[in-house]
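S.K.: Can you keep this structure in mind? I'll have questions shortly.
The values are calculated or read from the model by the stated rules, or taken from the named source; none is laboratory data. Everything numeric in this text was worked out from a predicted model, so none of it was measured. Here the Cβ is made from the backbone with ideal geometry for all residues, glycine too, and neighbour counts use every protein chain on show. In case anyone asks, the SASA skips ligands and DNA or RNA and just uses the protein heavy atoms, side chains included. Shrake-Rupley method; radii C 1.70, N 1.55, O 1.52, S 1.80 Å.
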Amino acid sequence: FWVVPAVEVKIEVVIPEKERNKEEMSPNGKASPLIYKVNGTTRHYHLEEHPIAGNPYHNPKDVVEASVCHVKDLENGQMREVDLGCGKALLIKDNGEFHAVGHKCPHYGAPLVKGVLSKGRVRCPWHGACFSIGTGDIEDFPGLDSLPRFQVKIEKEKVYIRASKQALQTQRRTKMMAKCISLSNYNLSSTNVLIIGAGAAGLVCAETLRQEGFSDRIVMCTMDRHLPYDRPKLSKSMDSHPEQIALRPKEFFCTYDIEVLTEMQVAAVDIKSKIAVFKDGFKMEYNKLLIATGNMPKTLSCKGKEMENVFNIRTPEDANRVVKLATSKNVVIVGASFLGMEVAAYLAERAHSVSLVELEHVPFKKFFGERVGRAVMKMFENNRVKFYMQTEVSELREQEGKLKEVVLKSGKVLRADVCVVGVGAVPATAFLKQSGINIDSKGFIVVNKMMQTNVPGVFAAGDAVTFPLALRNNKKVNVPHWQMAHMHGRIAALNMLAHGMEISTVPYLWTAMFGKSIRYAGHGEGFDDVVIQGDLDELKFVAFYTKSDEVVAVASMNYDPIVSKVAEVLAAGRTIRKRDVEAVVFLSFRTGDMSWLTGKGS
């Protein structure tokens, strides 16, 4: 941005107050111990110790200082991306005070200056993650890391930024974590916290426990062969290798004593004895249990479903193999689900042909509505994807042991070298049926606002649960999305430590197809009308989903940050009425003014 001569702003990296308190020194020069009670026994432990100096910059050569603006250059509620020469920061003026943090969202690198500032936090315009402007701490997800915070100094009405070069370059900060007291003191078949599942919910739970100072043993177990990875990329970036999409490197788990047992499946849970029984017969005692097993993909029920080259995409190996086999070949995708549509989009330029079979007459009809669904369908057809709607697969035919044709109930026969099945999923909870843990008629684990099951000390999170959604008057819902799994894991961890924290987040999701994204916030299940503003043909629109007179969800394409704005309004507990979006939004589109959403406009 342009800087007026002799007009400056100063920012300096500082340790947030919460983090600084954790590092206060005791008289013996060690970090002050925290205390946690396990089974009535008081345990003392230390956070990972860091030397504290009077200057937060241990290496003066790592520090950069730059002038950026005059105090009057920013109005209250404004954000500005400022360049310090070797990196950028986000400068914010809120309630008369200046704050500075990293300018990129640590999740996928979105420019936060294009996000939404509200009530002391900034929300990412792409995927909805939220960060405190005062500390940089992550407050809503997706993503694992917080923002670096820089100290702002004002001298003679000039604002200066002083920052660590490393922080400016990485644009992320991993919160301080405790370590286990001594793993050598533990019986291998006993753990304080057992986490079944190593997806987003499980990992965030483990990290939150460590961030809160928990120093007892944590064991995660997973049927997967890999450490936790970015599962949404399996359908959005199918040729990614496991190490490219790992959420944390192997060294991270070693450093913070988070044990991960791979290729280990829990077969049963004995809630009375607090023992998890694995498929191979191994047994592990636990004190607290988190069940975060996610979903299992549904399979086809027709003849030939077990044939080679028929895939449910569950692992990076599945996705990689589909890309390899589909290149210059004929692909049939069964199911216009998020996974099915994303796979179709990814393969469209690589395969000879892509055909998509779906029982409904329009993709995404139940989720996005018919008009948005048709616009998305047209985009796919323009990219050589052929749809076969209102029909199902009746048979898969083979030649020399490999898939050759997909036969539809309509009578149509499709050439197919590869078939990807995306017809939905079921909760992976069959192993809990005799456990005494409350499961509903669809197989979902029932939890309260604190992610607690009906069994004391047993929590559940992620795609396999139903929980009370504050946004919909605490209706029990299942929200199988990446952001929500993160928050579930955090809430479960805090309540394992008796914080009494209730979940109140607004669901937020996205889908990416042909280089375009649809963003979505809220919970539109059961919507009875859709108010659409913009141009569906140009794929630049906002869709408000209403139930009676209330907006319950919003979706947009090419109109950031409207979804994040609506998410902030809903998060604040405010109601958006149908008549408001019908009357005001058209003018907003003409002027670009969305201030009415935050109550600042007319």
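S.K.: With +1 on each Lys and Arg Cβ and -1 on each Asp and Glu Cβ, how big is the dipole of segment 399-473 about its Cα centre, in debye rounded to the nearest 20?
M.R.: 220 debye
S.K.: Pick out, from Thr299, Leu147, Ile245, the residue whose Cα sits farthest towards the positive end of the charge dipole of the chain, with +1 on the Cβ of Lys and Arg and -1 on the Cβ of Asp and Glu.
M.R.: Thr299
S.K.: Going down the list Lys298/Lys516; Lys104/Lys233; Lys93/Lys236, which pairs span over 25 Å between their C-alpha atoms?
M.R.: Flagged as over cut-off: Lys298/Lys516; Lys93/Lys236.
S.K.: Please list, ordered by chain and number, the residues whose modelled amide H lies under 5 Å from the amide H of Ile195; skip anything fewer than 5 residues away on the same chain.
M.R.: Val219, Met220, Cys221, Leu290
S.K.: Work out from phi, with θ = phi - 60° and the Karplus expression 6.51 cos²θ - 1.76 cosθ + 1.60, the ³J(HN,Hα) of each residue of segment 392-399, listed in order in whole Hz, and give x for Gly and Pro.
M.R.: Calculated HN-Hα couplings, in order: 10, 7, 9, 6, 10, 9, 10, 9 Hz.
S.K.: Mean separation of Cα pairs under 8 Å and 6+ residues apart, divided by the residue count of the chain: what relative contact order is that in percent?
M.R.: Reported as a whole number, the value is 11 percent.
S.K.: Something else: What is the sum of charges around Ala512, taking Lys and Arg as +1, Asp and Glu as -1, for the other residues whose C-beta is under 11 Å from the C-beta of Ala512?
M.R.: Local net charge: +3.
S.K.: Does the chain classify as rounded, prolate or oblate by the C-alpha gyration tensor (a ≥ b ≥ c root eigenvalues; a/c under 1.5 gives rounded; else a/b over b/c gives prolate, otherwise oblate)?
M.R.: Oblate.
S.K.: Can you give the accessible area per residue of the chain, in Å², using a 1.4 Å probe?
M.R.: 44 Å²
S.K.: Here's another thing I want to ask about it. For the chain, which cysteines have no second Cys with its Cβ under 4.7 Å from theirs?
M.R.: Cys69, Cys86, Cys130, Cys180, Cys205, Cys221, Cys254, Cys302, Cys419
S.K.: For the chain, give the magnitude of the charge dipole about the Cα centre (Cβ charges: +1 Lys/Arg, -1 Asp/Glu; no others), in debye to the nearest 20.
M.R.: Charge dipole of the chain: 380 debye, to the nearest 20.
S.K.: Here's something else I'd like to know. Convert each backbone phi in segment 307-318 into a coupling constant with the Karplus relation 6.51 cos²θ - 1.76 cosθ + 1.60 (shift: θ = phi - 60°), then list the ³J(HN,Hα) values in order as whole Hz, x for Gly and Pro.
M.R.: Couplings: 5, 5, 6, 10, 10, 9, 7, 10, 10, x, 5, 4 Hz.
S.K.: May I pose another question? Okay, helix-only estimate at 222 nm for the chain: each DSSP H run of n ≥ 4 adds -39500 (n - 2.57), divide by all residues, round to 500 deg cm²/dmol; what do you get?
M.R.: Helix-only estimate at 222 nm: -5000 deg cm²/dmol.
S.K.: Rounded to whole Hz and in sequence order, give me ³J(HN,Hα) for segment 564-573 from the Karplus expression 6.51 cos²θ - 1.76 cosθ + 1.60, θ = phi - 60°, writing x for Gly and Pro.
M.R.: 5, 5, 5, 4, 5, 5, 5, 5, 7, x
S.K.: How large a share of the accessible area of the chain, in percent, is made up of carbon and sulfur atoms when the probe is 1.4 Å and the other protein chains stay in place?
M.R.: Result for the chain: 46 percent of the exposed heavy-atom area is carbon or sulfur.
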